[in-house]
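The structure appears right after this line, and notes come after that.
The values are calculated or read from the model by the stated rules, or taken from the named source; none is laboratory data. Note that the structure is predicted; figures quoted are calculated from it, not measured. So basically every Cβ, Gly included, is an ideal-geometry build from the backbone, and we count neighbours across all protein chains shown.
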Amino acid sequence: MLLNARILPYVLILPVTLFLCLFFIYPFVLVSQQAFGSSEGGWSLDNFREVVDYWKFPISLKNTLLLAAAVVPIQLALALLMATMVSKMEKGRDMVLYIWTIPLGISDLAAGIIWLAIFEQSGFLNSMLNGMGVIDKPVNFLTYQNPWIVFVAIALAEIWRATAIMLVILVAGIGLIPKEYYEAADVFGASKWKQFTRITFPMLRPSLQTALVLRVILAFEIFAVVAALGGTLFPVLMGETYAYQFDLLNSGAAAAMALIILAISIGFTLIILRILRVPKGASI
Amino acid sequence: MTDATAVGMSADTRKSGRYLYIASVAFLCAWVIVPIYFLLINTLSSPEAVNSFPKSFVPEFDFSSLQFFAGFEGMLTALKNSVIVALMTMVMSIIIGAPAGYALSRFEFPGKGLFRLLILLTRAFPLPLLALPLAVMFIQTGLDDTAFGLALVHTTLAIPFAVLITFSLFSGIPIELEEAAWTLGCTRLTAFTKVVLPLILPGITASAIFAFVISWNEVFAAAVLTIENRTLTAFLLQNLDTSPLHLKFAGGFILVVPALIFIFAVRKYLFAMWGIANR
Amino acid sequence: MAEIQIKNVAKSFGAYQALNNINLTIADQEFMVLLGASGCGKSTLLRIIAGLETATSGEVWIGGKRIDHLSPKDRGIAMVFQNYAVFPHLTVFENIGFGLRMQKLPNDEVTQRVERVAGLMHIEMLLKRYSGELSGGQRQRVAVARALAMEPDVILMDEPLSNLDALLRMEMRAELKGVLAESKTTAIYVTHDQVEAMSMADRISVMHEGNIVQAASPIEVYRDPAAKFVASFIGNPPMNFLPATPAGAGKWQVSGQTFDGPNTDKAGLQFAIRPEDMAPAEHGLVATAKIVEPLGAHLLVTCQIDEAQFRVILDSDTVVKPGQTLTLAPQSDRVRWFDPETTLAVA
């Protein structure tokens, strides 16, 4: 037993470590090899050149970034709003929280299909507009003539689906803030807004960090929502990666795309960690 | 202005603030529920009604769309595959992840920081992308197009969560309970099975369900790694362009139902799990 | 027979030395208290005896058997924890019977022993409850009963009363002492509360920075502290110290007064006296009263002698005002001397 205590932790983490080496680190090495490899063998940037020079690349990069830039701030604001609303709630808190976290369990594909039911030609938005007499025959929203509506539909579906994960992290984070701080703030006469900006927000920094990193990474992985709503109308990076692999059967290019998405994700993660860094010893 | 009017006014603003608050909560609830309700209408309507215009805002409780879904070739197999893969993922991620969560919560050991970094790193990576090289590796090992192969990838997705969630659950059990058990005649193992396990079981169940949902919902890796043995998400994705609307909606609905149930089942744990998993 | 011998036990956490070469023998059926401030190593020592912590070096023997390589379960010990560690998923009955079940004792014997110790700790009526339904004091009783049910050779207690409120603590203190004396087990009790230590212990080991500074009976620790640390840690308020300079063979000069002291050739000593061992007199140390605190039973006066702070406990009828000059005579057989360099007592 005494011997155990030294070796046991390593025995316990061994399965995860092995597993991650085999299915996380090893494929990562493979994908890098594939991306930097070329048909003649040896190292080259050919694959990167190929995907970057393809006419769809700038569009899909722009679309992905634009979508993230539109969706993530709204989600953050919405999640913060919902989290503060819930923290004051007395009656029905559990019910409201359950409803608000439902999308957490819903896949991006299902979310895309749900919003397709609203935006498609015979869908509920058309039916509603028709019922109000705004239009008399159904409009086809999701076409290449309406790129902005396609964008809005995808953004709405994303906001609808993925705000919940931020909400959960933030509610958990708010739950960790000692109530005494608010009582002290009340005694000193701080307004609710002041309490939010001076107590909740700074104390919530670790949770905000987690929430944002997770969300931003997922935002760059956006794929199925777009596939369901926009199809090929709205190319995004992950969709192009999928297309390289299956439609064009070019796994080298797919690997290069994967590394590009990876690089963007890591870059943004570092930026978020830097901006929201918590000074050592300042955590609760 | 007299004091009385001032008080009256602030009471008024407070009252309207209260209404605004209630209205916003109600609106946000509706924002989540109404789209799901629309999907429900479509699912419970006949294919003709689904494709007609304008739409009714109440379901007609016609099951022919669902029947069509069930009869569509390959759909039921895909549903079965999804369940199998998700169950495998659930079991593997807990069996592999929970011991590490326990080690993190109970021991200080050289390399702990590095290990935590490895776990956190996986969260910072778009993991489904790694399905691409794995496709090649699986072909070499005969794991290609199998439920087990896909479950391995889904387990990679679920493991960081499993480790961090079980870590926070184990941290919630005072070490003294285990120590007391040791002094009362338990070995490490019996102390774990007699004291820690009974206390932690509901939480473990919750994180297992979480792993199930992660696998159930995953689209990209599933589409990359399966060809004949498609999961439901991969099947729907593959047929998005060609399948009729009522099929998409019925499929989407089938995807959503377990989510509703699972989130309800684990709702008590969602917040506790994230509270500590944050740090 | 369960004599405990601790031989050359040391423990380090990385560069931090938690215990330095501890040697201690605890007699069979003795009630030994490990007393010290937090971080002094007392809990670490207890946990090493229990087997919850591994010593970096040294040996632990119980009843003539070396046990430091054994699992906690094989050491013949039972332990009571500061936060009680009552299993929340088991009833009080199953908590108390937990260790007996692990020994696979027959059902009726488990029942019999659980009921006996439950009676001893006055918790017979709680046996069907869960820990969530118990108060802190009741949980403490369950934890002690659970340890006693094991009928161990040695019972180890880690600050068992520190989470209870003052009144309950006093009550439990006396009760615990009685129960343990009756059970005839050897007990090691860790606390930072000197009142607890004084009132319960057969012997106290005062610990400081990973060392046992003194191991002796409570009255000896109080009257004859082996080191300045013990003198200033035990007693409330603690001992007073004044610098002393040599004034001939066996004579020492303290604040202008000459006292009989040890016959050494040291360049200086420290004169020490407990606050209650002083009385107003014609001749003595001249002190200026600074703060006067009537405490009911007596009067605590904080004064100044030369540059040093000095506390005396006087009869509550004494009239003293701040600023007043007092002449205080120490009771000569209670004066102690310490070497300022080694901080040890000098006889």
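Looking at C:Ile22, C:Ile6, C:Ile48, which one is surrounded by 15 or more Cβ atoms within 10 Å (Cβ to Cβ) and outside any strand (DSSP E or B)?
Numbers: C:Ile22 fails: outside any strand (DSSP E or B); C:Ile6 fails: outside any strand (DSSP E or B).
Checking each option against the conditions leaves just C:Ile48.
Only residues that are in contact (Cβ under 8 Å) with a residue 24 or more places away in the chain, more than 17 Å from C:Arg173 (Cα to Cα) and either buried (at least 23 other Cβ atoms within 10 Å of the Cβ) or of a type in the set (D, E, K, R) (or both) were counted in segment C:127-151, giving 6.
Candidates in segment C:213-240 are the residues that are outside any loop (DSSP other than H, G, I, E, B) and free of Cβ contacts under 8 Å to residues at least 24 places away in the same chain; of these, the one that is surrounded by the most Cβ atoms within 10 Å (Cβ to Cβ) is C:Val221. Could you check, for segment A:171-183, whether at least one of its residues is crowded, with 23+ Cβ neighbours inside 10 Å, in contact (Cβ under 8 Å) with a residue 40 or more places away in the chain, at the interface with chain B (Cβ under 10 Å from one of its Cβ atoms) and in contact with a Phe, Trp or Tyr (Cβ under 6 Å, 6 or more places away or on another chain)? Yes: segment A:171-183 contains one or more residues that are crowded, with 23+ Cβ neighbours inside 10 Å, in contact (Cβ under 8 Å) with a residue 40 or more places away in the chain, at the interface with chain B (Cβ under 10 Å from one of its Cβ atoms) and in contact with a Phe, Trp or Tyr (Cβ under 6 Å, 6 or more places away or on another chain).
Could you please let me know if A:Arg198 is in a helix (DSSP H, G or I), under 17 Å from A:Ala162 (Cβ atoms), away from chain B (no Cβ under 11 Å) and among the charged types (D, E, K, R)? No. Considering segment A:108-193, the qualifying helices (runs of 4 or more DSSP H), each wholly inside and each with 3 or more residues that are among the hydrophobic types (A, V, I, L, M, F, W, C) and within 23 Å of B:Leu232 (Cβ to Cβ), run over A:108-119, A:147-175.
Output yes when any residue across segment B:48-71 is in a loop (DSSP other than H, G, I, E, B), modelled with pLDDT under 80 and aliphatic (A, V, I, L, M), and no when none is.
The answer is yes, given that some residue of segment B:48-71 is in a loop (DSSP other than H, G, I, E, B), modelled with pLDDT under 80 and aliphatic (A, V, I, L, M).
Condition test on B:Ala259, is it at the interface with chain A (Cβ under 7 Å from one of its Cβ atoms), under 22 Å from B:Ile33 (Cβ atoms), within 20 Å of the chain's Cα centre (by Cα) and surrounded by fewer than 24 Cβ atoms within 10 Å (Cβ to Cβ)? It is true that B:Ala259 is at the interface with chain A (Cβ under 7 Å from one of its Cβ atoms), under 22 Å from B:Ile33 (Cβ atoms), within 20 Å of the chain's Cα centre (by Cα) and surrounded by fewer than 24 Cβ atoms within 10 Å (Cβ to Cβ). Here is the figure for segment B:36-47: residues that are part of a helix (DSSP H, G or I), surrounded by fewer than 22 Cβ atoms within 10 Å (Cβ to Cβ) and of a type in the set (Ser, Thr, Tyr) total 1.
Restricting A:Thr84, A:Thr143 to residues that are among the hydroxyl-bearing types (Ser, Thr, Tyr), within 11 Å of chain B (Cβ to nearest Cβ) and more than 23 Å from B:Phe212 (Cα to Cα) narrows the list to A:Thr84.
Candidates in segment C:298-346 are the residues that are among the β-branched types (Val, Ile, Thr), assigned to a loop (DSSP other than H, G, I, E, B) and under 32 Å from the mean Cα position of the chain (by Cα); of these, the one that is surrounded by the fewest Cβ atoms within 10 Å (Cβ to Cβ) is C:Thr342. For segment B:233-242, check the following and say yes or no: at least one residue is in contact (Cβ under 8 Å) with a residue 40 or more places away in the chain, buried (at least 20 other Cβ atoms within 10 Å of the Cβ) and under 16 Å from B:Ala131 (Cα atoms). Yes, some residue in segment B:233-242 is in contact (Cβ under 8 Å) with a residue 40 or more places away in the chain, buried (at least 20 other Cβ atoms within 10 Å of the Cβ) and under 16 Å from B:Ala131 (Cα atoms).
Might you check whether a residue that is more than 27 Å from B:Phe212 (Cα to Cα), more than 8 Å from chain B (Cβ to nearest Cβ), over 20 Å from the mean Cα position of the chain (by Cα) and without any contact (Cβ under 8 Å) to a residue 24 or more places away in the chain occurs anywhere in segment A:92-106? Can you show your working first?
Taking segment A:92-106 and keeping what is more than 27 Å from B:Phe212 (Cα to Cα), we get A:92.
Applying the additional criterion that residues be more than 8 Å from chain B (Cβ to nearest Cβ) yields A:92.
In the following step, the residues that additionally are over 20 Å from the mean Cα position of the chain (by Cα) were identified as A:92.
If we keep only those that are without any contact (Cβ under 8 Å) to a residue 24 or more places away in the chain as well, we get A:92.
Within segment A:92-106, one or more residues are more than 27 Å from B:Phe212 (Cα to Cα), more than 8 Å from chain B (Cβ to nearest Cβ), over 20 Å from the mean Cα position of the chain (by Cα) and without any contact (Cβ under 8 Å) to a residue 24 or more places away in the chain.
Looking only at segment A:48-81, residues that are within 30 Å of B:Tyr21 (Cβ to Cβ), away from chain B (no Cβ under 14 Å) and surrounded by 17 or more Cβ atoms within 10 Å (Cβ to Cβ) come to 4 in all. Taken over segment B:95-147, the criterion of being assigned to a loop (DSSP other than H, G, I, E, B) and more than 10 Å from every other protein chain (Cβ to nearest Cβ) is satisfied by B:Gly142, B:Leu143, B:Asp144, B:Asp145, B:Thr146. Residue selection: B:Phe61 fails the criterion of being in contact (Cβ under 8 Å) with a residue 12 or more places away in the chain, more than 8 Å from every other protein chain (Cβ to nearest Cβ) and buried (at least 17 other Cβ atoms within 10 Å of the Cβ).
Among the residues making up segment B:174-187, a single one is surrounded by fewer than 17 Cβ atoms within 10 Å (Cβ to Cβ) and either among the hydrophobic types (A, V, I, L, M, F, W, C) or more than 8 Å from chain C (Cβ to nearest Cβ) (or both): B:Ile175. From the list A:Ala224, A:Ala211, the lone residue that is farther than 28 Å from B:Leu134 by Cβ, in contact (Cβ under 8 Å) with a residue 12 or more places away in the chain and buried (at least 23 other Cβ atoms within 10 Å of the Cβ) is A:Ala211.
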